[in-house]
Amino acid sequence: MSLRIGLVYDRFGDAEAPPGAPPDWDAEYEPEETIAALEGAVRELGHRPVRIGNARALLAAMQRGPLALDAAVNIAESYGSRNREAHAPVLLELAGVPCLGSDALALSVSLDKALTKTVVRGEGVRTPDWIVVPAAGPAEVDLAELPFPVFVKPRYEGTAKGIAPSSRCETSGALGREVARQRRLYGQDLIVERFVEGAEFTVGVIGTGAEAEALPVLQRATERTTGIGLHALETAPEASGAAPLAYDVAGVLTPELEADLQRDALAAHRALECADFSRSDFRVDAAGGVWFIEINPLPTFAPDGTFAILAELVGEPYPAFLAGLLARGLARLGVHG
């Protein structure tokens with residue numbers, strides 16, 4: 001039996017910038033190609049994709065009457081508080097529609113970088129020491145035992161939002177200026193953490209709980225001067241029209257290191273009770289120490305994104321890879337055609 005599978009997403013250009021929004025407010029939204037790829041994967045399974053749109057569109061559809069959906073795939077980022085990624089799954093829960101991907105609680109906890117660090121550290125996963133700087137108050141930060149260099153980022157935003165070359169700070173003066181910059185743009189608590197010099201890696205995970213499995217590890221380039229991940233700086237608003245950045249790809253991904261990274265990615269995925277898919281980012285220091293940085297349970301499924309590259313690495317056409325991921329999620333939910 002063919003199922004009606006709703007697609008809930010934030011697409012570039014579908015919403016106006018909210019008042020006072022930072023320049024990268026929609027940086028985690030998706031291009032049309034991502035939604036089309038998910039549609040293709042749903043059709044590959046013999047089901048009918050139904051475009052819903054963002055959380056506001058979902059709420060409007062619910063107000064018109066029953067959604068008439070057998071399940072939904074949620075990749076909506078929404079906008080606002082640290083609970084923004086929970087907007088769509090909460091609405092789907094109220095509507096009685098089973099939802100692929102992590103639930104509202106897992107999405108809210110994992111978006112909060114401080115809570116995420118606390119949870120994964122409790123599972124024995126190493127993460128750089130950090131402090132939380134409140135959204136208001138003096139710009140001078142007492143680092144206590146935290147040594148320079150340090151890295152500053154918004155507490156409740158995605159992987160690359162808010163990041164600029166100035167996010168890496170070598171002095172108290174630079175730290176105070178960066179705290180002031182990010183407070184002005186994002187109006188929220190900040191995370192200041194020890195900056196780990198070294199290579200950067202990302203690890204995709206599919207599945208849920210004991211059935212989850214880690215995919216091949218991908219290495220990311222780092223910008224040559226700051227050591228910040230190139231993917232973050234290339235998408236920063238100030239990078240528009242700038243010359244290409246010089247970068248390095250340091251370190252060697254040995255089988256032993258890959259196993260360590262996959263182990264910690266699985267531990268984070270399970271500890272935060274993520275479902276169906278996630279992507280975790282790591283730094284590896286000069287001594288080979290693995291350090292968890294953050295997790296994204298709403299990774300992009302763009303045809304040129306991380307999961308498309310992973311599909312190529314495991315030798316599957318991308319539509320078939322995505323279809324298999326969705327089929328696994330539908331089975332978890334007990335939804336069968």
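The values are calculated or read from the model by the stated rules, or taken from the named source; none is laboratory data. This one's a predicted model, so the numbers in the text were calculated from it and none came from an experiment. Because the Cβ atoms are built from the backbone with ideal geometry, glycine has one as well, and the counts that use them run over all protein chains shown. These accessible areas exclude ligands, DNA and RNA; they are computed on the full protein's heavy atoms, side chains included. Shrake-Rupley method; radii C 1.70, N 1.55, O 1.52, S 1.80 Å.
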**OP:** Evaluate the stretch 235-252: report whether one residue or more is over 16 Å from Leu266 (Cβ atoms), at pLDDT 80 or above and assigned to a helix (DSSP H, G or I).
**Re:** no
**OP:** May I ask you to verify whether Pro147 is open to solvent by 60 Å² or more (accessible area, probe 1.4 Å) and touching a Lys or Arg at 6+ places or on another chain (Cβ under 9 Å)?
**Re:** yes
Subject >> Single residue of the stretch 54-67 satisfying the filter (in contact (Cβ under 8 Å) with a residue 24 or more places away in the chain and buried (at least 20 other Cβ atoms within 10 Å of the Cβ)) that is nearest to Phe321 (Cα to Cα) >> reply: Asn54
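For (1) closer than 22 Å to Thr208 by Cβ; (2) surrounded by fewer than 18 Cβ atoms within 10 Å (Cβ to Cβ); (3) touching a Ser or Thr at 6+ places or on another chain (Cβ under 6 Å), each residue gets a yes or a no:
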{"position": "Glu223", "(1), (2), (3)": "no, no, no"}
{"position": "Pro244", "(1), (2), (3)": "no, yes, no"}
{"position": "Asp264", "(1), (2), (3)": "yes, no, no"}
{"position": "Ser278", "(1), (2), (3)": "yes, no, no"}
{"position": "Val284", "(1), (2), (3)": "no, no, no"}
{"position": "Gly288", "(1), (2), (3)": "no, yes, no"}
{"position": "Asn296", "(1), (2), (3)": "yes, no, yes"}
{"position": "Ala320", "(1), (2), (3)": "yes, yes, no"}
{"position": "His336", "(1), (2), (3)": "yes, yes, no"}
Original post:
Is the stretch 101-109 home to any residue that is closer than 23 Å to Trp291 by Cβ, out of contact with any strand residue (DSSP E or B) (no Cβ under 8 Å at 6 or more places or on another chain) and either among the charged types (D, E, K, R) or in a loop (DSSP other than H, G, I, E, B) (or both)?
Top reply: no
Subject >> Restricting the stretch 171-194 to residues that are in contact (Cβ under 8 Å) with a residue 12 or more places away in the chain and aliphatic (A, V, I, L, M), the residue that is surrounded by the fewest Cβ atoms within 10 Å (Cβ to Cβ) >> reply: Ala180
Subject >> Members of the stretch 3-53 that are under 19 Å from the mean Cα position of the chain (by Cα), in a strand (DSSP E or B) and under 22 Å from Gly337 (Cβ atoms) >> reply: Leu7, Val8
**OP:** Would you check which residues across the stretch 84-115 are among the hydroxyl-bearing types (Ser, Thr, Tyr) and closer than 13 Å to Asn74 by Cβ and list them?
**Re:** Ser102
**OP:** For the stretch 152-170, enumerate the residues that are modelled with pLDDT of 90 or more and either in a loop (DSSP other than H, G, I, E, B) or open to solvent by 20 Å² or more (accessible area, probe 1.4 Å) (or both).
**Re:** Arg155, Tyr156, Glu157, Lys161, Gly162, Ile163, Ala164, Pro165, Ser166, Arg168, Glu170
Original post:
Does the stretch 198-218 include one or more residues that are open to solvent by 10 Å² or more (accessible area, probe 1.4 Å) and within 30 Å of Gly20 (Cβ to Cβ)?
Top reply: no
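Here is a yes/no grid of residues against (1) under 27 Å from Thr226 (Cα atoms); (2) buried (at least 21 other Cβ atoms within 10 Å of the Cβ):
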| position | (1), (2) |
| --- | --- |
| His87 | no, yes |
| Val90 | no, no |
| Gly96 | no, no |
| Asp112 | yes, no |
| Thr118 | yes, no |
| Gly122 | no, no |
| Arg126 | yes, no |
| Ile131 | yes, no |
| Asp142 | yes, no |
Subject >> Subset of the stretch 76-85 [surrounded by fewer than 24 Cβ atoms within 10 Å (Cβ to Cβ) and either of a type in the set (A, V, I, L, M) or closer than 15 Å to Arg155 by Cα (or both)] >> reply: Tyr79, Gly80, Ser81, Arg82, Asn83, Arg84
Original post:
Which condition does Asp276 not pass, out of (1) at positive phi; (2) out of contact with any Lys or Arg (no Cβ under 9 Å at 6 or more places or on another chain), if it passes all the others?
Top reply: (2)
**OP:** Name, by its number, the condition in (1) modelled with pLDDT of 85 or more; (2) within 16 Å of the chain's Cα centre (by Cα); (3) farther than 13 Å from Ser280 by Cβ that does not hold for Leu218.
**Re:** (3)
Original post:
Within the stretch 172-186, is even one residue in a loop (DSSP other than H, G, I, E, B) and more than 16 Å from the chain's Cα centre (by Cα)?
Top reply: no
